[in-house]
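Taken together, the values in this text are just the output of simple stated rules run on the coordinates, not laboratory data. In this text, all values refer to a predicted model and were calculated from it rather than measured experimentally. All Cβ positions, glycine included, derive from the backbone under ideal geometry; neighbour counts span all protein chains shown.
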Amino acid sequence: MLNTYLLFIFSAVLVIIAATKLSEYGDVIASKTKLGHGIVGGVLIAAATSLPEFVTSITSALIGAPDIAIGNAYGSNTFNIMILALVDVFHGQGPLLMKVKMNHILAAMLGILLAALGAMGILMAQVGGIDLQVGRVNVVSLVIFAIYLYGSILIVRYENKKTKKEPPKDVDTVEDPVTPLNKAIVGFGVACAIIIWAGMTLSQTGDVIAVRTGLGHTFVGTLLIAATTSLPELVTSLAAIKIGAYDMAVGNVFGSNIFNMLVIVVTDVVYYQDSMFSVINIDHTITAMAAIILSCIAVIGLFYRSQRTFFTVGWDAVFILIVYVFSIYLIFIS
């Protein structure tokens, strides 16, 4: 059992190191191309930092533990929003969400929509007895996938439109003339590969921990594995704040939440033993609602842009921390 814990910790450390490199190379790519920090953070880095959730969930489905997969997806979404609060605390110079563009509201709302659809699929299957499928895939999964594709196109179009109308202000990032673009792209790919391996290992060791400790797949997936696989988002967001790339940090969080909802689709496709929506724990709807509420608080913070603080932290961050802790308590006692 000790070897399992050590391997789990080792994998988590690899995720942290690789995530730090993702942020560094992502900043170079954003600076030396026309993509900009908004798209790099919201699309490229968001997809890369979501690789642990993606790989972990696929592995969990293949080994017959879909609760770990879904708990990981929704748990990561709640943890990701909590990252905004932690970054606000680390930032320490007034409300963080005042310093970023309102463009992020579109990505946040898309994440809320996808999370709500997933929760509806669970309730339909387990409460209403409605489990419509095309082949072995639930109709809800197909809808989530379709909206994900269309929503991603809308986000990129909106970013490009806003950039043309209002050229973005220069971000106080650390210029790195030494690192060429080609090296940054290769380094970005290597970091992604490391994260994929670590994500698979986290899933396998997490399954063993869930069984041997008696905590259960739902709780372990929602809290332990979700928090661990969200380490890339945390590390890259903190690193982005350190170099002044605020939009890249926030875009990374909301973009990851959108990408995480693809986990539901992939788990439904990969899980071959039964209908995934019918066999997973209904308690995942609690985590889903927590993720939706936390995202709504963040959207309000983005829209209202209040300057009021609790010490140096925005009130939106304070409420996010309170709701996150309460949601973890609810999942623990359920």
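For a footprinting-style exposure proxy, rank F188, F326 by other Cβ within 10 Å, fewest first.
Listed from fewest to most nearby Cβ atoms, that is F326, F188.
Count the net charge of all other residues whose Cβ sits under 13 Å from the Cβ of G255, scoring Lys and Arg as +1 and Asp and Glu as -1. Please report the intermediate quantities before stating the final value.
On the way: positive: none; negative: E53, E159, E233, D247.
Net charge around G255: -4.
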Cβ-derived FRET efficiency at R0 56 Å, T309 paired with D274, nearest 0.05: 0.65
Cβ-derived FRET efficiency at R0 22 Å, C296 paired with F326, nearest 0.05: 0.90
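Listing F254, F332 from the residue with the fewest other Cβ atoms within 10 Å to the one with the most, what is the order?
Working: F254 30, F332 11.
In order of increasing Cβ crowding within 10 Å: F332, F254.
Once you've got the Cα coordinates, tell me which of K21/K242; K21/K183; K183/K242; K99/K242 are over 19 Å apart. The partial results should precede the final answer.
Working: K21/K242 14 Å; K21/K183 12 Å; K183/K242 22 Å; K99/K242 14 Å.
Checking Cα-Cα distances, K183/K242 exceed 19 Å.
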Under-5 Å amide H pairs with I130, H placed in peptide plane, nonlocal only: A125
Derived scalar couplings ³J(HN,Hα) [region 280-297; Karplus, 6.51 cos²θ - 1.76 cosθ + 1.60; whole Hz; x for Gly, Pro]: 6, 5, 5, 4, 4, 5, 5, 5, 4, 5, 4, 5, 5, 4, 4, 5, 5, 4
Packing-based exposure ordering (other Cβ within 10 Å, fewest first) of S306, S327, S60: S306, S327, S60
Extended-chain gain in nm, criterion 0.36 nm per residue less alpha-carbon gap, V127 and L6: 39.5 nm
Region 266-334-region 64-112 distance, computed between alpha-carbon centres (Å): 9
